[in-house]
Amino acid sequence: MKPLLVFDVDGVLAEVTESYRETITQTVRHFTGATVLNARIQEYKDQGGWNNDWELSHRLCRDLGVEVPYPEVIARFNDIFLGANYDGLILREQWVPRNGLLERLAASYGLAIFTGRPLDDLSHTLRRFAPAIAFAPVIAMESVTRHKPDPQGLHLIMEQCPGAAVIYVGDTVDDARAASAARVRFIGVSPKPATAALLRAEGAAALIGDINEIEGVLPA
């Protein structure tokens, strides 16, 4: 059986500074009038426990002194991110893997996904950027009842692929903690030295600046 490479999506396969991160900023500004910069968003991410961008947007509003019902935050977030018909900030996403990378990896590894994204958002992005790549299993927000850093998603993948050696590739403290709890090898992805140091401290077996460097750190 092939070993299994399991990818997080945001910050790993997709560059989301101008999509998900900007949506957080615009959502918080809508309710509070304050502009939250990406550096502050990263500070929350580096604390761990903020894998869900709806929850993070809600918390930022509260920390800025504005109480907003959570469903209103979700609705505004989705209006900005998805638009009327996937014509919102999701269009600003950029696919990070260069042509041929995933195809080369698929020759030696099974490719899977464990992400906190809603499945519809994820499916749209995969159809847009990687329609020919067969990711399986795919674990999204709705697939689990306990979200990262809980390892439930990785456990589900391991149950569906019994006996396969699993490597999880992610960019956040929550990804690293999920991998550690599931006892699988973790490769951290971050161009930011401070975040990379946190991922190393959380047990990353290797660190890369972006996904295109992964072939240099995979086991021989």
Do we have A201 as touching a residue at least 12 places away in the same chain (Cβ under 8 Å) and either assigned by TED's automatic domain parsing to the domain that holds M158 or more than 17 Å from the chain's Cα centre (by Cα) (or both) here?
no
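Taking the conditions exactly as written (more than 24 Å from A39 (Cα to Cα) and either polar (S, T, N, Q) or assigned by TED's automatic domain parsing to the domain that holds N52 (or both)), does S190 satisfy them or not?
Against the criterion (more than 24 Å from A39 (Cα to Cα) and either polar (S, T, N, Q) or assigned by TED's automatic domain parsing to the domain that holds N52 (or both)), S190 does not qualify.
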For the range 9-128, please list each of the helices (runs of 4 or more DSSP H) lying entirely inside it that holds at least 3 residues being more than 27 Å from R177 (Cβ to Cβ).
22-32, 70-82, 101-108
(1) among the aliphatic types (A, V, I, L, M); (2) at pLDDT 95 or above; (3) in a helix (DSSP H, G or I) all hold for L5 apart from (3)
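What residue, of A107, A84, is more than 16 Å from the chain's Cα centre (by Cα), more than 26 Å from V144 (Cα to Cα) and modelled with pLDDT of 95 or more? Full working, then the answer.
Values: A84 fails: modelled with pLDDT of 95 or more.
Step by step, each of A107, A84 is checked, and only A107 is more than 16 Å from the chain's Cα centre (by Cα), more than 26 Å from V144 (Cα to Cα) and modelled with pLDDT of 95 or more.
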Looking at A181, is it over 14 Å from I113 (Cβ atoms) and touching a Leu at 6+ places or on another chain (Cβ under 7 Å)?
no
Does the range 1-51 hold any residues that are under 27 Å from G110 (Cβ atoms) and surrounded by fewer than 19 Cβ atoms within 10 Å (Cβ to Cβ), and which are they?
M1, K2, P3, E15
Cβ-Cβ under 7 Å pairs, at least 6 apart or on other chains, the range 44-62 side farther than 16 Å from T32 by Cβ, far side basic (K, R):
G48/R177; N51/K148
When the residues of the range 95-110 are narrowed to those that are touching a residue at least 40 places away in the same chain (Cβ under 8 Å) and out of contact with any helix residue (DSSP H, G or I) (no Cβ under 8 Å at 6 or more places or on another chain), which ends up surrounded by the most Cβ atoms within 10 Å (Cβ to Cβ)?
G110
Would the range 152-167 turn up any residue that is small (G, A, S), in contact (Cβ under 8 Å) with a residue 60 or more places away in the chain and either under 26 Å from N78 (Cβ atoms) or in contact with a Phe, Trp or Tyr (Cβ under 6 Å, 6 or more places away or on another chain) (or both)?
no
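Here's the yes/no breakdown for (1) in the same structural domain as A134 (by TED's automatic domain parsing); (2) more than 28 Å from L199 (Cα to Cα); (3) among the basic types (K, R); (4) in contact with a strand residue (DSSP E or B) (Cβ under 9 Å, 6 or more places away or on another chain):
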{"residue": "F31", "(1), (2), (3), (4)": "no, yes, no, no"}
{"residue": "A39", "(1), (2), (3), (4)": "no, no, no, no"}
{"residue": "G49", "(1), (2), (3), (4)": "no, no, no, no"}
{"residue": "L56", "(1), (2), (3), (4)": "no, no, no, no"}
{"residue": "G65", "(1), (2), (3), (4)": "no, yes, no, no"}
{"residue": "R76", "(1), (2), (3), (4)": "no, yes, yes, no"}
{"residue": "A84", "(1), (2), (3), (4)": "no, yes, no, no"}
{"residue": "G110", "(1), (2), (3), (4)": "yes, no, no, yes"}
{"residue": "S123", "(1), (2), (3), (4)": "yes, no, no, yes"}
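The values are calculated or read from the model by the stated rules, or taken from the named source; none is laboratory data. Here the structure is a predicted model, which means the values were calculated and not measured. Virtual Cβ from ideal backbone geometry, glycine too; neighbours counted across all protein chains shown.
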